[in-house]
Amino acid sequence: MWLNILSFVLASMLVKTKAAKRFALWFVLKFGKSASGIFFSFLVINVVLSMFISATTVKATILLPIFMVIAAIFGASQGERNNFGRNLVLQNLFQVNIGASAFMTGSGANLLAVSLIMGAYSSYSFGYTDWLAAAFPLAMILLLLGWFIGVKVIFPLKPEEKKPQIEGGMQRLRSELDAMGKMTFDEMKSIAIFVGVLLMWVTGEWHGIDETTVAFMGAIIALMPGIGVVKWNDVDIPWHLMLFSAGAYTLGSGLNATDLPAIMVNAGMNALGITGQTPFIVLYLLFTGLMLFSGLLFQSKTMRALIFIPIAIGVEQQFNLPALSLSFPVALLIEHVYVLPFNSKPAALLYTTNHYSWSDTFKYGITMMLIAWVMILVWGETVLQWLGYTP
Amino acid sequence: MTEKNKELDQEVQAFDPLDMNNYKVEKLPKMEKSGFEKWMARLGGPLAILIFILIYWVVDIPLFDNLDFESLSDKAQKRLAVIGEEAFIRACYAMLAIFCSSIVLWITESVQSYLTSLMVILAIVFAVLPRRKKLLRNSDIR
């Protein structure tokens with residue numbers, strides 16, 4: 001819970017000082033010289049923001065005005081849709097979510113998953129870099145595939161959609177960036193604090209200070225009068241989400257204390273005829289598939305983590321499978337909530353931009369979800385095996 | 001041209017698609033709940049209460065009643081040692097009831113998610129955690 005709360009304190013620095021907005025504008029203006037350049041710029045921007053901002057809705061809110069203006073420059077605005085607009089908005093939705101999956105601190109649901117796993121395997125050491133080593137390359141591959149599938153397969157760009165339709169349109173974004181003035185000392189401090197926190201997280205195995213303690217240190221510096229960057233009133237912590245998470249954590253602890261997941265899993269597996277002789281690949285397919293496609297029905301990543309991670313842990317323990325062999329791959333699939341507008345808050349938000357229809361988002365989303373399933377299977381046979389998670 | 005048409009015309013002309021301020025979250029249309037979602041929200045509360053009552057007080061679950069205590073995890077064994085077998089079985093019933101009813105509340109959004117969480121925490125305190133009096137009695141401290 002503390003890491004959850006403190007991540008928002010740290011992210012508030014970047015939002016309040018507008019460092020996040022400045023970075024996004026600067027990057028897209030520098031590297032977005034063509035349609036492809038723009039798509040790749042947002043890919044990088046989303047990955048970088050995901051390192052620092054632990055809420056997908058906050059990232060979507062920061063980027064929305066920027067990509068809406070760019071979509072208008074390329075001819076998609078006020079109900080007029082084209083494939084540039086569809087790609088730009090849907091890919092940002094995909095990138096906002098998959099970017100979050102690359103980092104343990106990318107989302108509160110990731111942190112809950114890790115907490116549930118560590119609650120079950122208290123002697124097991126698992127931290128920021130363990131998640132990063134497995135998740136980051138997978139996320140990058142999915143993001144690149146997301147660009148390819150969008151631009152080349154499902155919503156191919158017509159030649160006229162690859163050129164700006166409004167003369168001097170990007171100059172307006174340049175004016176927005178210029179209007180922000182020079183980088184302020186507060187912005188530099190916020191970036192320095194966050195880079196420091198990030199370096200401490202990445203090197204956790206060497207210095208031994210856990211992620212929560214590092215976040216405490218960063219938050220204290222950020223809030224310190226005279227030295228810091230934000231006051232308490234500037235900190236935008238969504239307390240209703242923190243309380244929601246607290247309930248989920250408590251439920252997870254209660255399930256652990258009564259061993260309920262293991263008891264229920266044992267009964268469920270017996271009923272389905274799944275035994276210790278069932279090949280691991282069948283269990284892997286079943287749980288990764290359940291986790292992924294549950295994203296079509298549920299609205300909450302926290303809930304999906306709360307339901308499926310304990311069940312996966314229960315199966316691992318019941319059948320003496322290696323720790324995290326199912327629960328970690330399942331955790332890597334938490335953020336796949338981009339198919340339908342009700343699947344997540346960013347999905348609902350971006351749908352209201354009116355750049356795509358339900359069938360557009362379903363076509364793109366379900367394709368990427370199926371690709372993600374194939375990728376997690378490949379990952380289970382390769383990277384996760386090499387890292388010692390899957391047998 | 002009527003006044004209203006003139007106003008609308010001016011609004012359309014005034015909208016600058018390249019002005020980032022036009023795309024603030026507050027200015028985007030809100031997604032309204034569909035009829036189905038509204039019905040789910042109405043039914044969610046009573047359904048959650050019914051599920052809790054059925055699981056905790058009505059239904060017998062042989063899986064819990066005939067629990068093999070030896071197969072429990074170390075953490076669960078420690079809890080068993082503190083509260084005893086009967087209380088452990090009731091705790092299992094309670095956790096399942098709380099889990100199922102909270103999932104219903106969260107999915108249906110019958111009440112706000114944070115409120116469901118607060119109720120979950122309270123329910124676990126009352127239904128799962130041993131009372132201080134009982135712990136003191138068990139340890140014979142007066």
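The values are calculated or read from the model by the stated rules, or taken from the named source; none is laboratory data. Note that this is a predicted model, so its numbers are computed, not measured. Every residue, glycine as well, gets a Cβ built from its backbone with ideal geometry; the counts of neighbours run over all protein chains shown. Please note that ligands, DNA and RNA were not included when accessible areas were found on the heavy atoms of the full protein model with its side chains. Shrake-Rupley method; radii C 1.70, N 1.55, O 1.52, S 1.80 Å.
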| query | Got at least one residue in the range A:18-35 being at positive phi and within 14 Å of chain B (Cβ to nearest Cβ)? | reply | yes
| remark: Flagged pairs (Cβ under 6 angstrom, 6 or more apart or on separate chains; first in the range A:377-391, over 11 Å from A:L324 (Cβ atoms); second assigned to a loop (DSSP other than H, G, I, E, B) and open to solvent by less than 20 Å² (accessible area, probe 1.4 Å)) are A:G380/A:T390
| Of all the residues that make up the range B:103-122, how many are facing chain A (nearest Cβ under 7 Å), open to solvent by less than 60 Å² (accessible area, probe 1.4 Å) and among the polar types (S, T, N, Q)? | 3
| request: Please indicate, with yes or no, whether at least one residue in the range A:316-334 is within 30 Å of A:A71 (Cα to Cα) and either aromatic (F, W, Y) or more than 11 Å from every other protein chain (Cβ to nearest Cβ) (or both). | output: yes
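Just checking, does the range A:101-121 include any residue being without any contact (Cβ under 8 Å) to a residue 60 or more places away in the chain, surrounded by 20 or more Cβ atoms within 10 Å (Cβ to Cβ) and assigned to a helix (DSSP H, G or I)?
Initial filter on the range A:101-121 (without any contact (Cβ under 8 Å) to a residue 60 or more places away in the chain): A:102-103, A:118.
If we keep only those that are surrounded by 20 or more Cβ atoms within 10 Å (Cβ to Cβ) too, we end up with A:102-103.
After this cut, where a residue has to be assigned to a helix (DSSP H, G or I) as well, the list is none.
Looking through the range A:101-121, none of the residues is without any contact (Cβ under 8 Å) to a residue 60 or more places away in the chain, surrounded by 20 or more Cβ atoms within 10 Å (Cβ to Cβ) and assigned to a helix (DSSP H, G or I).
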| Do we have any residue at all in the range A:222-236 that's under 30 Å from A:S300 (Cα atoms), within 14 Å of another protein chain (Cβ to nearest Cβ) and either open to solvent by 70 Å² or more (accessible area, probe 1.4 Å) or not in a helix (DSSP H, G or I) (or both)? | yes
| request: Residues being aliphatic (A, V, I, L, M) and outside any helix (DSSP H, G or I): count how many of those fall in the range A:295-341. | output: 11
| message | Here are the criteria: (1) in contact with a helix residue (DSSP H, G or I) (Cβ under 8 Å, 6 or more places away or on another chain); (2) touching a residue at least 60 places away in the same chain (Cβ under 8 Å). Tell me which single one A:G37 does not satisfy. | response | (2)
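Report, by residue number, each residue of the range B:71-87 that is at the interface with another protein chain (Cβ under 7 Å from one of its Cβ atoms) and open to solvent by less than 40 Å² (accessible area, probe 1.4 Å). Can you show your working first?
In the first step, residues of the range B:71-87 are kept if they are at the interface with another protein chain (Cβ under 7 Å from one of its Cβ atoms); the result is B:72-73, B:75-76, B:79.
Hits for the range B:71-87 are B:L72, B:S73, B:A76.
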| query | Just one of A:A257, A:A267 is within 14 Å of another protein chain (Cβ to nearest Cβ), in contact with a Lys or Arg (Cβ under 6 Å, 6 or more places away or on another chain) and not hydroxyl-bearing (S, T, Y); which is it? | reply | A:A257
| Selection count, the range A:122-132, where residues are open to solvent by 50 Å² or more (accessible area, probe 1.4 Å) and in contact with a Leu (Cβ under 9 Å, 6 or more places away or on another chain) | 1
| task | State all residues of the range B:48-62 that are open to solvent by less than 60 Å² (accessible area, probe 1.4 Å) and either in a loop (DSSP other than H, G, I, E, B) or within 14 Å of chain A (Cβ to nearest Cβ) (or both); if no residue qualifies, say none. | result | B:A48, B:F52, B:I55, B:Y56, B:I61
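For the range A:250-266, which positions are among the hydroxyl-bearing types (S, T, Y) and crowded, with 21+ Cβ neighbours inside 10 Å? Give the steps one after another, and end with the answer.
Keep residues of the range A:250-266 that are among the hydroxyl-bearing types (S, T, Y), which gives A:250, A:253, A:258.
Scanning the range A:250-266 gives A:T250, A:T258.
In the range A:296-325, which residues are farther than 29 Å from A:L243 by Cβ and open to solvent by less than 20 Å² (accessible area, probe 1.4 Å)? So that I can check it myself, show each step before the final result.
Within the range A:296-325, the subset farther than 29 Å from A:L243 by Cβ is A:315-323, A:325.
Correct list: A:V315, A:E316, A:S325.
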| message | Checking the structure you have, find out if any residue of the range A:349-364 is over 18 Å from A:A135 (Cα atoms), buried (at least 24 other Cβ atoms within 10 Å of the Cβ) and at pLDDT 95 or above. | response | yes
| field | Long-range neighbours under 7 Å by Cβ, at least six apart or interchain, first residue closer than 15 Å to A:Y338 by Cβ within the range A:137-161, second open to solvent by less than 10 Å² (accessible area, probe 1.4 Å) and outside any helix (DSSP H, G or I) | value | A:A139/A:A102
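On the given criteria, is A:F328 surrounded by 24 or more Cβ atoms within 10 Å (Cβ to Cβ) and over 14 Å from the mean Cα position of the chain (by Cα)? Don't jump to the end; show me each part of the working.
On the way: surrounded by 24 or more Cβ atoms within 10 Å (Cβ to Cβ): yes; over 14 Å from the mean Cα position of the chain (by Cα): yes.
The answer is yes for A:F328.
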| query | So A:H207 fits all but one of (1) free of Cβ contacts under 8 Å to residues at least 40 places away in the same chain; (2) crowded, with 22+ Cβ neighbours inside 10 Å; what number is the exception? | reply | (2)
